[in-house]
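J.: Encoded as structure tokens, here's the structure I'll be asking about.
The values are calculated or read from the model by the stated rules, or taken from the named source; none is laboratory data. Small disclaimer: the values here were computed from a predicted structure and weren't measured. Here Cβ is always computed from backbone atoms with ideal geometry, including for glycine, and neighbour counts include all displayed protein chains. Only protein heavy atoms, including side chains, enter the accessible area calculation; ligands, DNA and RNA are left aside. Shrake-Rupley method; radii C 1.70, N 1.55, O 1.52, S 1.80 Å.
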Amino acid sequence: MNETPKLWPHAWSLIRGQQRVALVGLVLTLFSIAASLLQPWPLKIIVDSILGSVPMPASLAGFADNKPAALLTVCLALLVINVVRGGLGAWGTTYLVRAGLRMTQELRFRVYEHLQKLSLVFHDSRAVGDSIYRVTWDTYSIQTIFNGGLIPLVSAIATLIGMMIWMLHLDVVLTLLALAIAPALALTIKRYNRLMTDVSTEYYTHESKVSAMIQESLSAIRTIQAFAREEDEVRRFSTGAAQSVDANVRMTKVQVMSSFVVGLITAVGTVAMIWIGGQRVLAGRLSIGELLVFITYVGMLYGPMSTISGIATAVQGALTPFRRVIEILETKPTIGDKPGARPLTRCNGVVRFEGVWFGYVTDHPVLKGVDFEARPGQMVALVGPSGVGKSTLLSLLLRFYDPQKGRVLLDGQDIREFQYRSLRRQIGIVPQEPVLFSTSVRDNIAYGRPAATLDEILEAARAAEADEFIRAMPQGYDTPIGERGVTLSGGQRQRLALARAFLKNSPILILDEPTAALDSETEVAVLRSLERLRQGRTVFVVAHRLSTVRQADLLLVLHDGQIVERGRHDELVARGGHYARVCELQFGAPPQ
Ligand code: ADP
């Protein structure tokens, strides 16, 4: 994972993607700001020329003798200015928020798409809940950066420049005095920014942990309940949640303190302005109306300044989640196509492992020089205790990982010569716990070949001996399957997975047998369909049942990262070696 991902190019490209909507919103907002800068001026005319004795400005010269009419006109002007300011402001905001949300959407899309491509090495190394949190929540950070950072910054700068021009026009000395407060504000801002970065990193780390914890325990709910560990889970959760709340409280404290100190500096500045400005009116250097405009502006001046300080903290807070998303985007998939990799159309299915070494962690090899060949029509069973490396070996064939030494060959070619996705299309998988998606039975069967016709789906289901129980379901093939298929029995799920493999019709098939015993009727049905499925294909089975190893053409007995024995079941039992012992231990069957 990249340690210091460059954030701004990513942020900028997301903002550029919405530039049209964003620009419309920005222009409307700038007009609204211009209207708000006009606000104090009608008040000045009322105080100086209508209530006081300063001559009317040229635009109202016609009302010189009719002050009530002048008052009404100026009041109406004030109303119009306010309506324009508020209306344009609201209109602009809808555009800007739309742009911000679309940026979040685009970022979600990019990171989700990237996660789909990232290798298992990446996914294995992190909690699913953490990735979910990054895609779902951390992606809002770009909206915060845009709507809570960039736009308020541009608006505040525009307001400040506009006011500065008007203030310099009124009184240079007072303007410079107003600016004298800026360094104090800048220092405060800097101090709180640093604090904010620390506490927000802590908060997001805790939040993500909580989310990972929920994900982990809910997906293992059966196990938790079976072991009656619910209370421990709740305790673990409440500790995690409490840590997250504490961090959030600390973050809020920093925010509140920062606003308080900025507010205090602002108040001191405003009071000083009124005091000095009042003296200048007494000395006859400024009209009362002008002082009023000035005081209003001074009040408004600190608004944008504290907005800027708020922006810094908001953006700092958003940068941490944004960095977490960009970290994923910048992670390069370790499995990829090398330059010139060819697409694999239809292979024969001759699989060869040549001196394959592999380990998930350096210096801890799981496979230590594995050699074998499997040919089409052969059923190859991998045998050995749990953790010996059977699934790992098959993961290498699927190119979820690459060997550290040696080669995996398909039809005599190193599989790294092929585009990896086209390689995977040649391989059908029936996992130990088939994963079913929350769609219809029909879509689940067609997962490996979405374009399949209904007839093909029916044929596959019949071959897998699943047709009968599917028809007995309330809506037959259109019956929706509950989340993760909990409404189906293990045997039914297994047969749906077999139907999926039949339909995919790939030259190579990998089957990880369920460890839990299927009822004998289901087992016979599964074996019969397996017998059909193996015709002309290379079939790999991670064998957990005696009936399967008996059927296999070649058993590969794994021990300590190597194949220690190979042959048919009867031959190996007769040899009375390693397999004969494993056989007795694993299948509880005495060697015959
Ligand atoms: P089997 O399929 O024979 O039960 P595996 O191939 O699943 O065995 O595991 C072989 C070894 O590799 C075990 O020690 C296991 O802990 C380890 N292992 C499996 N998957 C991973 C992984 N994703 N990351 C790290 N170690 C793993």
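J.: From (1) without any contact (Cβ under 8 Å) to a residue 24 or more places away in the chain; (2) buried (at least 16 other Cβ atoms within 10 Å of the Cβ); (3) within 41 Å of the chain's Cα centre (by Cα), pick out the condition that doesn't hold for Thr73.
T.: The one condition Thr73 does not meet is (3).
J.: Something else: Can you name every residue in the stretch 356-381 that is in a strand (DSSP E or B), out of contact with any Gly (no Cβ under 9 Å at 6 or more places or on another chain) and near the ligand (Cβ under 10 Å from one of its atoms)?
T.: Val361, His364
J.: Considering each of Arg399, Arg416 in turn, give the residue that is under 31 Å from the mean Cα position of the chain (by Cα), open to solvent by 20 Å² or more (accessible area, probe 1.4 Å) and charged (D, E, K, R). Lay out the reasoning, then the answer.
T.: Numbers: Arg399 fails: open to solvent by 20 Å² or more (accessible area, probe 1.4 Å).
Answer to the selection: Arg416.
J.: Given the criteria assigned to a helix (DSSP H, G or I) and surrounded by fewer than 20 Cβ atoms within 10 Å (Cβ to Cβ), does Thr270 qualify? Quick ask: steps written out before the conclusion?
T.: Values: assigned to a helix (DSSP H, G or I): yes; surrounded by fewer than 20 Cβ atoms within 10 Å (Cβ to Cβ): yes.
Judged against the criteria, Thr270 is a match.
J.: What residue, among those in the stretch 459-501 that are touching a strand residue (DSSP E or B) at 6+ places or on another chain (Cβ under 8 Å) and closer than 28 Å to Gly377 by Cα, is surrounded by the fewest Cβ atoms within 10 Å (Cβ to Cβ)?
T.: So the residue we want is Arg500.
J.: Starting from residues that are hydroxyl-bearing (Ser, Thr, Tyr) and part of a helix (DSSP H, G or I), keep the ones in the stretch 111-152 and report whichever is surrounded by the fewest Cβ atoms within 10 Å (Cβ to Cβ). Walk me through how you get there before you give the answer.
T.: Restricting attention to the stretch 111-152, the residues satisfying the condition of being hydroxyl-bearing (Ser, Thr, Tyr) are 112, 119, 125, 131, 133, 136, 139-141, 144.
Adding the requirement that they be part of a helix (DSSP H, G or I) leaves 112, 131, 133, 136, 139-141, 144.
Numbers: Tyr112: 15, Ser131: 21, Tyr133: 23, Thr136: 12, Thr139: 25, Tyr140: 20, Ser141: 28, Thr144: 19.
Once the filter is applied, the top-ranked residue is Thr136.
J.: Do you know which residues across the stretch 322-355 are more than 33 Å from the chain's Cα centre (by Cα) and in a loop (DSSP other than H, G, I, E, B)? Walk me through how you get there before you give the answer.
T.: Just the residues of the stretch 322-355 that are more than 33 Å from the chain's Cα centre (by Cα), to begin with: 345-355.
Those that are more than 33 Å from the chain's Cα centre (by Cα) and in a loop (DSSP other than H, G, I, E, B): Thr345, Arg346, Cys347, Asn348, Gly349, Val350.
J.: Going by the conditions given, is Arg85 open to solvent by 70 Å² or more (accessible area, probe 1.4 Å) and in contact with a Gly (Cβ under 9 Å, 6 or more places away or on another chain)?
T.: Details: open to solvent by 70 Å² or more (accessible area, probe 1.4 Å): yes; in contact with a Gly (Cβ under 9 Å, 6 or more places away or on another chain): no.
Against the criterion (open to solvent by 70 Å² or more (accessible area, probe 1.4 Å) and in contact with a Gly (Cβ under 9 Å, 6 or more places away or on another chain)), Arg85 does not qualify.
J.: Continuing with this model, one more query. Output the residue which, of all residues in the stretch 393-416 that are among the charged types (D, E, K, R) and in contact with a strand residue (DSSP E or B) (Cβ under 6 Å, 6 or more places away or on another chain), is farthest from the ligand (Cβ to nearest atom). Lay out the reasoning, then the answer.
T.: So the first thing to find is which residues in the stretch 393-416 are among the charged types (D, E, K, R), and the list is 399, 402, 405, 407, 411, 414, 416.
Retained after the next criterion (residues that are in contact with a strand residue (DSSP E or B) (Cβ under 6 Å, 6 or more places away or on another chain)): 405, 407, 414.
Details: Lys405: 17, Arg407: 19, Asp414: 22 Å.
Per the stated criteria, the residue is Asp414.
J.: Given the options Val128, Val154, Val111, name the one that is within 16 Å of the ligand (Cβ to nearest atom), touching a Ser or Thr at 6+ places or on another chain (Cβ under 9 Å) and of a type in the set (Val, Ile, Thr).
T.: Val128
J.: Residue check: is Pro385 within 23 Å of Pro365 (Cβ to Cβ), within 16 Å of the ligand (Cβ to nearest atom), modelled with pLDDT under 90 and open to solvent by 10 Å² or more (accessible area, probe 1.4 Å)?
T.: Answer is yes for this residue.
J.: Residue by residue through the stretch 231-275, note down the ones that are among the hydroxyl-bearing types (Ser, Thr, Tyr) and within 22 Å of Leu195 (Cα to Cα).
T.: Within the stretch 231-275, Ser244, Thr252, Ser258, Ser259, Thr266 meet the criteria.
J.: So Leu396 fits all but one of (1) assigned to a helix (DSSP H, G or I); (2) within 23 Å of Cys347 (Cα to Cα); (3) touching a Ser or Thr at 6+ places or on another chain (Cβ under 9 Å); what number is the exception?
T.: (3)
J.: Would you kindly identify the helices (runs of 4 or more DSSP H) lying entirely within the stretch 487-592 that contain at least 1 residues that are of a type in the set (Asp, Glu) and modelled with pLDDT under 80?
T.: In the stretch 487-592, the matching helices (runs of 4 or more DSSP H) lie at 520-533, 578-587.
J.: Here is a check on your reading of the model: is Val430 within 16 Å of the ligand (Cβ to nearest atom) and not small (Gly, Ala, Ser)?
T.: Answer is yes for this residue.
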